[in-house]
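Below you'll find the structure, written out as structure tokens, and then a few comments.
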Amino acid sequence: MAQVISGKDLFERLKGEYKNEIARLQKEHNIVPGLAVVLVGDNPASLSYVRLKEKACAEIGIHSRDLRFEKDFTEDALLKLIDELNHDKNIHGILVQLPLPDHIDEAKVLYAIDPLKDVDGFHPVNAGRLLLGEPAYYPATPLGIQQLLIQNNIKVEGKHVVIVGRSNIVGKPLAMLLVQKQNGANATVTICHTRTRDLGAVTRTADILVAAVGRPHTVTADMVKEGAVVIDVGVNRVEDATKKRGYRLIGDVDFAEVEPKVSAITPVPGGVGPMTIAMLLHNVIKAAKDHAGRQ
Ligand SMILES: NC(=O)c1ccc[n+]([C@@H]2O[C@H](COP(=O)([O-])OP(=O)(O)OC[C@H]3O[C@@H](n4cnc5c(N)ncnc54)[C@H](OP(=O)(O)O)[C@@H]3O)[C@@H](O)[C@H]2O)c1
């Protein structure tokens, strides 16, 4: 039977550490870490992510400022708000929940965030520093995956990591993180996407296979090497009349058929998802600490 790697349990453990760090920041620097959470529109998935993030902040003592706007909020108004938040000394991190409505240029908004408050790690300055292997704010999901591996004693060094998906928020930054000449990294990394020829032939060579695709059952048992480690990033809503809300969440991996074949696997939900929130909190605390260091 495979080890089922729980991000939920690790997150519970990390919360204790985060609370201590926040207490220290308050005692030594009189700083309460502050996160601005900006949501435009009423995308149901975005609403639920924002609620989860704000709940986690409240639980550990991060002050979160909830900024919600109708879907017709203008790009100019949003840029003005970002500018205000960049100058607000009580706000150490700014999070703009994606996706934004079509009339708003996402890149323009993300690039307007002060890189020192960019706790999502999407600003080109932070992306560039990640590429160079320099300290920065790294995107939460890749960071969470790396922590899940480290904390579960799954060595990455020298392993072949195959990542299916090349998005700027998961696939590409994860590859950059795991290929660095650093502890918890030093992997040989391959990135796959829709133009990859014979996906299964590539994924079968993975010691660690990461699925970040956004399509249920993309990874089936025949695509996985015996004894591999499988990290399922996907979050897909599928109809389920037995659930009160009418749907359930499943990953990109066919868990039932893949689990018996592998040595370790993350579940959905309860795997990578909670670690994404954990690493967002980590980044906000880091931003507050960095702010204290500059005072
Ligand atoms: N658990 C979490 O905390 C968390 C965080 C972020 C995202 N997610 C989930 O992770 C999934 C991926 O998110 P994302 O933002 O990275 O998605 P995305 O921007 O849509 O990227 C998906 C990637 O998968 C590739 N792909 C799609 N179908 C494929 C196929 N049949 N074979 C090979 N590659 C394929 C695409 O290739 P092309 O580039 O060629 O189109 C693209 O690179 C989603 O389900 C999302 O909800 C979860």
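The values are calculated or read from the model by the stated rules, or taken from the named source; none is laboratory data. Just so we're clear, the structure is a prediction, and the values are computed from it rather than from any experiment. Every residue, glycine as well, gets a Cβ built from its backbone with ideal geometry; the counts of neighbours run over all protein chains shown.
Okay, here's what the table says:
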read-out: Residues of segment 152-179 satisfying the condition of being away from the ligand (no atom under 16 Å from the Cβ) and more than 19 Å from THR196 (Cα to Cα); value: ASN152, ASN153, ILE154, LYS155, VAL156, GLU157, GLY158, LYS159, VAL179
read-out: Of the criteria (1) in a strand (DSSP E or B); (2) without any contact (Cβ under 8 Å) to a residue 60 or more places away in the chain; (3) within 13 Å of the ligand (Cβ to nearest atom); (4) of a type in the set (A, V, I, L, M), which one ILE231 fails; value: (2)
read-out: Checklist (1) of a type in the set (Lys, Arg); (2) under 17 Å from the mean Cα position of the chain (by Cα); (3) within 27 Å of LEU199 (Cα to Cα) applied to LYS286, failing item; value: (3)
read-out: Unique residue being farther than 22 Å from ILE265 by Cα, in the same structural domain as THR205 (by TED's automatic domain parsing) and polar (S, T, N, Q) when the list is GLN146, GLN182, GLN151; value: GLN182
read-out: Condition check for LEU132: at pLDDT 95 or above and under 21 Å from MET275 (Cα atoms); value: no
read-out: Positions within segment 83-114 being without any contact (Cβ under 8 Å) to a residue 40 or more places away in the chain and not charged (D, E, K, R), in sequence order; value: ASN86, HIS87, HIS103, ALA107, VAL109, LEU110, TYR111, ALA112, ILE113
read-out: Flag for LEU14 being outside any loop (DSSP other than H, G, I, E, B), in contact (Cβ under 8 Å) with a residue 60 or more places away in the chain and not assigned by TED's automatic domain parsing to the domain that holds LEU148; value: yes
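Residue-by-condition table, conditions (1) surrounded by 15 or more Cβ atoms within 10 Å (Cβ to Cβ); (2) at pLDDT 95 or above; (3) assigned by TED's automatic domain parsing to the domain that holds VAL233:
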site	(1), (2), (3)
GLU75	yes, yes, no
LYS80	no, yes, no
VAL96	yes, yes, no
LEU110	yes, yes, no
ASP120	yes, yes, no
GLY165	yes, yes, yes
VAL170	yes, yes, yes
